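Enquirer: Just dropping this structure here.
The values are calculated or read from the model by the stated rules, or taken from the named source; none is laboratory data. Owing to the predicted nature of the structure, the values given are computational and were not obtained by experimental measurement. Glycine gets a Cβ as well: all are built from the backbone with ideal geometry, and neighbour counts include every protein chain shown.
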Amino acid sequence: MIRSDVIKTLVPFISDKLVVTNIGLPSQEMHLIDDQPSNFYMLGTMGLASSIGLGLALAQDKKVLVIDGDGSVLMNFGTFPTIANNPAKNYILLIIDNGSYGSTGDQITYSGKKTNMTEVARACGCENVIECSAEETADVVKAAFESDEMTIIISKCESGNIKVPVIEHDPVMIKERFMKEVAK
Amino acid sequence: MSINDQIVADFVKNKIEFITSVPCKQLAGVLNQIDATDSFTHVPCNREDEGIGLCAGATMGGKRSAIIMQNTAIGVTINALVTLTQFYRMPLPMLISYRGEVGEPVACQVEMAVHTKDLLNQLRIPTYHFHHKDDVNELDGILNHCFMSRKPVAILTDATFWKGAE
């Protein structure tokens, strides 16, 4: 399974949830597969999906799912200590770890080499870190939505991309409709 | 009222509830004051661009947010300010310790100070420079202006300003 396959398995139960998606293909795939006002698409700012999601989770009570990638988290490793030390029980961070920079041509990341994302998260103090296969991901994410505990999920999947159009939505429109969903 | 008390009072008056920060010696007093105030959620960040992400999320969660940081970090925040805060039109007060101005004991700080205003100007970020302790009286209006215009706004606070706080 590649990332877009994993996203497809999530859609049946995340359509009405607040979802923050990482820049590039994760946002574009989410937009293609299931465009919803409750999706916040990052159009720029690589690395910050987990931070945006944490700020959102700490500011209100609804559950927040962040769909991030290993390359993006590598760029913002400081996010793990911040998450660990400011836990939000409504926060689910799903790191789709395909060991590559998918949006830029599948160059290998360090997490595709020696660096173990799961161990890094735990070493930074994150307590509920679950590593799973791509196939298991939907069940693990579903359980995280049903639990009352902050969950960090590292989904090990294959590298590879589908062809997707760029997102043409205006950023202010994306924000405004998302904020309406937050306030509902 | 001390400068630190006034800053915190203006943050509260302008309904700021979420604060992120990377510390600076000059900001120690105001950060202590923020931690002593129950109405703030204070989430220290490890790098300022991470903090800008946290603030964007909190803003979309319905909480007015602010970042407290040093001017040496302007460089690492540029992409986040442009492609997140500005592109999505979000307000963000940035209370910035303006190191490297007169009274600075560390020469290296001057190297960033000479670029600070040029960078903020290039980013078209409304910038206010607090030099005298009475300049703090402008803060309430600046915060109001920031949330009205939905833009990042920089408040540079130099050593002379903070000396007036002692």
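Enquirer: With a cut-off of at least 1 residues that are over 23 Å from residue B:111 (Cα atoms) and more than 14 Å from chain A (Cβ to nearest Cβ), name the helices (runs of 4 or more DSSP H) lying wholly within segment B:24-88.
Expert: Fully inside segment B:24-88 and qualifying: B:28-35.
Enquirer: Among (1) surrounded by fewer than 21 Cβ atoms within 10 Å (Cβ to Cβ); (2) under 15 Å from residue A:181 (Cβ atoms); (3) small (Gly, Ala, Ser); (4) within 14 Å of another protein chain (Cβ to nearest Cβ), there is one condition residue A:15 misses while meeting the rest; what is its number?
Expert: (4)
Enquirer: Can you tell me which of (1) surrounded by fewer than 21 Cβ atoms within 10 Å (Cβ to Cβ); (2) of a type outside the set (Ser, Thr, Tyr); (3) touching a strand residue (DSSP E or B) at 6+ places or on another chain (Cβ under 8 Å) is the one residue B:66 doesn't meet?
Expert: Only one criterion is unmet by residue B:66, namely (1).
One line per residue, one yes/no per condition, for (1) of a type outside the set (A, V, I, L, M, F, W, C); (2) modelled with pLDDT of 95 or more; (3) within 26 Å of residue B:46 (Cβ to Cβ):
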{"site": "A:70", "(1), (2), (3)": "yes, yes, yes"}
{"site": "A:74", "(1), (2), (3)": "no, yes, yes"}
{"site": "A:103", "(1), (2), (3)": "yes, no, yes"}
{"site": "A:122", "(1), (2), (3)": "yes, yes, yes"}
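Enquirer: Identify, please: which residue in segment B:19-30 is in contact with a strand residue (DSSP E or B) (Cβ under 6 Å, 6 or more places away or on another chain) and free of Cβ contacts under 8 Å to residues at least 60 places away in the same chain and is, among those, farthest from residue B:47 (Cα to Cα)?
Expert: Ranking the candidates gives B:19 first.
Enquirer: Also, quick follow-up: If we keep just the residues of segment A:158-184 that are assigned to a loop (DSSP other than H, G, I, E, B) and touching a strand residue (DSSP E or B) at 6+ places or on another chain (Cβ under 6 Å), which is surrounded by the fewest Cβ atoms within 10 Å (Cβ to Cβ)? Working first, answer last.
Expert: Our first condition is that a residue be assigned to a loop (DSSP other than H, G, I, E, B); within segment A:158-184, this holds for A:159-170, A:184.
Imposing the further condition that a residue be touching a strand residue (DSSP E or B) at 6+ places or on another chain (Cβ under 6 Å) reduces the set to A:159-160, A:167.
Values: A:159: 16, A:160: 14, A:167: 18.
Looking at residues that are assigned to a loop (DSSP other than H, G, I, E, B) and touching a strand residue (DSSP E or B) at 6+ places or on another chain (Cβ under 6 Å), I get A:160.
Enquirer: Give the residues of segment B:89-103 that are away from chain A (no Cβ under 14 Å) and out of contact with any strand residue (DSSP E or B) (no Cβ under 8 Å at 6 or more places or on another chain), sorted by residue number.
Expert: If the condition is that a residue be away from chain A (no Cβ under 14 Å) and out of contact with any strand residue (DSSP E or B) (no Cβ under 8 Å at 6 or more places or on another chain), then B:100, B:101, B:102, B:103 are the ones that fit.
Enquirer: On to the next question. Considering segment A:114-131 alone, what residues qualify as being farther than 18 Å from residue A:158 by Cα, of a type in the set (D, E, K, R) and either in contact with a Gly (Cβ under 9 Å, 6 or more places away or on another chain) or assigned to a loop (DSSP other than H, G, I, E, B) (or both)?
Expert: A:127
Enquirer: Condition (residue is more than 10 Å from chain B (Cβ to nearest Cβ), in a loop (DSSP other than H, G, I, E, B), surrounded by fewer than 17 Cβ atoms within 10 Å (Cβ to Cβ) and not β-branched (Val, Ile, Thr)) applied to segment A:106-113: is it met by at least one residue?
Expert: Yes.
Enquirer: How many residues are assigned to a strand (DSSP E or B) and either buried (at least 20 other Cβ atoms within 10 Å of the Cβ) or in contact with a Phe, Trp or Tyr (Cβ under 9 Å, 6 or more places away or on another chain) (or both) if we restrict to segment A:132-154? Walk me through how you get there before you give the answer.
Expert: Of segment A:132-154, the ones assigned to a strand (DSSP E or B) are A:132-133, A:151-154.
Keeping just the survivors that are either buried (at least 20 other Cβ atoms within 10 Å of the Cβ) or in contact with a Phe, Trp or Tyr (Cβ under 9 Å, 6 or more places away or on another chain) (or both) gives A:151-154.
The qualifying residues number 4.
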